[in-house]
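Chemist: Next up is a structure, given as structure tokens.
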Amino acid sequence: MRRAPVLVAAVLLLSACGFHLRGDVALPPEMQATYIYYKGRDASLLRTVARSLALSGAGVVREPDQATAVLSLPVASVGRRVLAKDTNGRPREYEINVVLVFSLHAPDGFVLVPRQRVQRRENVVLDPAQPLASEGEVSRAAQGLRDDAIWDMLRVIAAAELQPRPVEAGEESE
């Protein structure tokens, strides 16, 4: 019973500071039936974007002619590079970089959210005492950054003032 006041206080503090669960993004009603235009090879990324949209209340459709909005992802990359090696030449520290470039269009081609870029970067230092865990650590960090970048993208869309405008020269309407 003594834990109840502490739990209530923690919940109140978290809500007062603006803490929200990841799925708490209010997407515009134009995204009630969203088609995801993505020609990349990372099926896991596509599933994660679709799942994140669904958690935020947007429907995902399989055909563009069923869509009320088209989310275009021309660039979705996860890169990593070695920053430091140990004396045996094994990687000791990685830099992981996630980049998403996106735009949101109405089915008639009008731009709802112009082309934007979201980027997340993090360094991962590996424990030399755990050489077998290294690859898993890097993969988990990359997955976490990718998920964070997807939620950043959805927050940008949610914050945008949707005022449809025609596609201008140089913009893509995938």
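Chemist: Can you pull the one-decimal nm distance between simple spin-label points at Glu95 and Leu83, each 7 Å off the Cα toward Cβ?
Modeler: According to this spin-label approximation, the distance is 0.8 nm.
Chemist: Could I ask something else about it? For region 99-105, what does the Karplus curve 6.51 cos²θ - 1.76 cosθ + 1.60, with θ = phi - 60°, yield as ³J(HN,Hα) per residue in whole Hz, taken in order and with x for Gly and Pro?
Modeler: For region 99-105, the Karplus curve yields 10, 10, 10, 8, 8, 10, 10 Hz.
Chemist: Add +1 for every Lys or Arg and -1 for every Asp or Glu among the other residues with Cβ under 11 Å from the Cβ of Asn97, and state the total. List each step's numbers first, then the result.
Modeler: Numbers: positive: Arg80, Arg81, Arg120, Arg121, Arg146; negative: Glu95, Glu122.
That works out to +3.
Chemist: DSSP loop (so not H, G, I, E, B), at most 15 other Cβ within 10 Å: list which chymotrypsin sites (Phe, Trp or Tyr not before Pro) in region 34-138 pass both filters. Intermediate values should be presented prior to the final figure.
Modeler: Working: sites: Tyr35, Tyr37, Tyr38, Tyr94, Phe102, Phe110; in loops: Tyr38, Phe110.
Filter output for region 34-138: Phe110.
Chemist: Also, quick follow-up: Could you list log10 I(q)/I(0) for region 27-159 at q = 0.09, 0.11, 0.14 Å⁻¹, which the Debye formula gives when each Cα is one point scatterer?
Modeler: Evaluating at q = 0.09, 0.11, 0.14 Å⁻¹ gives log10 I(q)/I(0) of -0.33, -0.46, -0.65.
Chemist: Next question, about the same structure. Please compute the length gained on full extension between Arg47 and Phe110, using 0.36 nm multiplied by the number of residues separating them and subtracting their Cα-Cα distance.
Modeler: Result for the pair: 20.1 nm of gain on full extension.
Chemist: Could you give the length gained by full extension between Gln32 and Glu63, i.e. 0.36 nm per residue of separation minus their alpha carbon distance, to one decimal place?
Modeler: Value of the extension gain: 9.8 nm.
Chemist: Could you give the length gained by full extension between Asp127 and Glu161, i.e. 0.36 nm per residue of separation minus their alpha carbon distance, to one decimal place?
Modeler: Extra length available between Asp127 and Glu161 comes to 7.7 nm.
Each value in this text was obtained by applying a stated rule to the coordinates, not by laboratory testing. A quick note: this is a predicted structure, and the numbers were derived from the prediction, not measured. Cβ sites come from the backbone with ideal geometry, for glycine too, and all protein chains shown count toward neighbours.
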